[in-house]
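Everything on this sheet refers to the single structure shown next.
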Amino acid sequence: MQLIRSTVPGPVLSVLKARYGKRLVLREDTDDESVNVFEAVWYKALKNTMTPGKYSRIYRENKDQTQDELGQKLGGLSRRYVSNLETGHRVISKDVAKHFRNSSSSPGSASFS
């Protein structure tokens with residue numbers, strides 16, 4: 001069973017109830033103790049599977065960018081090249097890493113706007 005702590009809006013709760021039925025267990029949480037997500041077992045396991053390409057894809061998708069759009073921002077790379085970076089078929093070169101660092105849409109930048 002996976003435990004999710006949250007305040008769930010009514011419409012979302014309705015969908016969850018419809019989807020999971022009696023398997024959905026709701027509990028009132030009165031404990032205000034915070035948990036460091038970086039120390040959680042699930043986070044550590046996930047982090048160990050991440051690659052630079054996977055991080056790039058996550059950030060690109062969070063910015064609602066296509067591979068073509070990201071490629072243009074990274075110095076005119078083709079969609080196929082970006083795809084190969086994301087899937088691990090190509091390594092990220094120093095030049096591409098510099099473009100990532102200087103791009104406002106990249107994981108290595110200081111601004112994520």
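At a glance:
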quantity: Total residues in region 55-104, condition in a loop (DSSP other than H, G, I, E, B), of a type in the set (Val, Ile, Thr) and under 17 Å from the mean Cα position of the chain (by Cα); calculated: 1
quantity: Residue check, residue 113 loosely packed, with under 10 Cβ neighbours inside 10 Å, modelled with pLDDT under 80, small (Gly, Ala, Ser) and on the phi < 0 side of the Ramachandran plot; calculated: yes
quantity: Residue in region 38-50 that is acidic (Asp, Glu) and modelled with pLDDT of 90 or more present; calculated: no
quantity: Inter-residue pairs, beta-carbon under 9 Å, first closer than 26 Å to residue 37 by Cα and in region 4-19, second at pLDDT 85 or above and in a helix (DSSP H, G or I), 6+ apart; calculated: 8/16
quantity: Residue satisfying all of: in region 93-108; within 12 Å of residue 56 (Cα to Cα) and surrounded by fewer than 17 Cβ atoms within 10 Å (Cβ to Cβ); modelled with the highest pLDDT among these; calculated: 97
quantity: Scan of region 1-23 for residues that are more than 17 Å from residue 40 (Cα to Cα), among the hydrophobic types (A, V, I, L, M, F, W, C) and modelled with pLDDT under 85, ordered by number; calculated: 8, 12, 13
quantity: Selection status of residue 72, surrounded by 11 or more Cβ atoms within 10 Å (Cβ to Cβ), in contact with a helix residue (DSSP H, G or I) (Cβ under 6 Å, 6 or more places away or on another chain) and not β-branched (Val, Ile, Thr); calculated: no
quantity: Residues located in region 59-81, provided they are in contact (Cβ under 8 Å) with a residue 24 or more places away in the chain and among the hydrophobic types (A, V, I, L, M, F, W, C); calculated: 70, 74
quantity: Selection within region 18-46 - surrounded by 10 or more Cβ atoms within 10 Å (Cβ to Cβ) and either touching a Pro at 6+ places or on another chain (Cβ under 8 Å) or not in a loop (DSSP other than H, G, I, E, B) (or both); calculated: 20, 43, 44, 46
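The values are calculated or read from the model by the stated rules, or taken from the named source; none is laboratory data. These numbers come from a predicted model, not from an experiment. Note: ideal-geometry Cβ built from the backbone for every residue, glycine included; neighbour counts use all protein chains shown.
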